[in-house]
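Okay, so here's the structure we're looking at.
Coordinate-derived values only; no laboratory data. Owing to the predicted nature of the structure, the values given are computational and were not obtained by experimental measurement. In this analysis, Cβ positions are derived from the backbone assuming ideal geometry, glycine residues included, and neighbour counts consider all displayed protein chains.
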Amino acid sequence: MANDEKMSRQEAGRKGGEATSKNHDKDFLPGNCQKGGEATSDNHDKEFYQEIGQKGGEATADSHGEDFYKEIGEKGGKARNNN
């Protein structure tokens, strides 16, 4: 990538995740992920989570078909009936 080209957030996140997994063992992530989640929670309000939830739902709907929702609905129904 040339110096004048910008990397997408997705690409930067992927590269950062790969570097982190190469440099740290499996015990590193849970504590640090929790710290990151707590910091995010401290810095953002309910609307932030609603917005990212909506974006995630739209992305899931775009990438999965009707059968995906039928399958997860059936799994949820079975799990609920078994409790």
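Structure notes:
- Residue match in segment 4-19 (condition: hydroxyl-bearing (S, T, Y) and part of a helix (DSSP H, G or I)): no
- Lone unmet requirement of (1) in a helix (DSSP H, G or I); (2) in contact with a helix residue (DSSP H, G or I) (Cβ under 9 Å, 6 or more places away or on another chain) for A39: (2)
- In segment 1-59, of all residues being under 14 Å from the mean Cα position of the chain (by Cα) and of a type in the set (D, E), the one that is nearest to Y69 (Cα to Cα) corresponds to E58.
- Among residues of segment 16-41 that are under 24 Å from I52 (Cβ atoms), those with a beta-carbon under 9 Å from a residue that is part of a helix (DSSP H, G or I) and small (G, A, S) at least six positions away or on a different chain give the pairs L29/S21.
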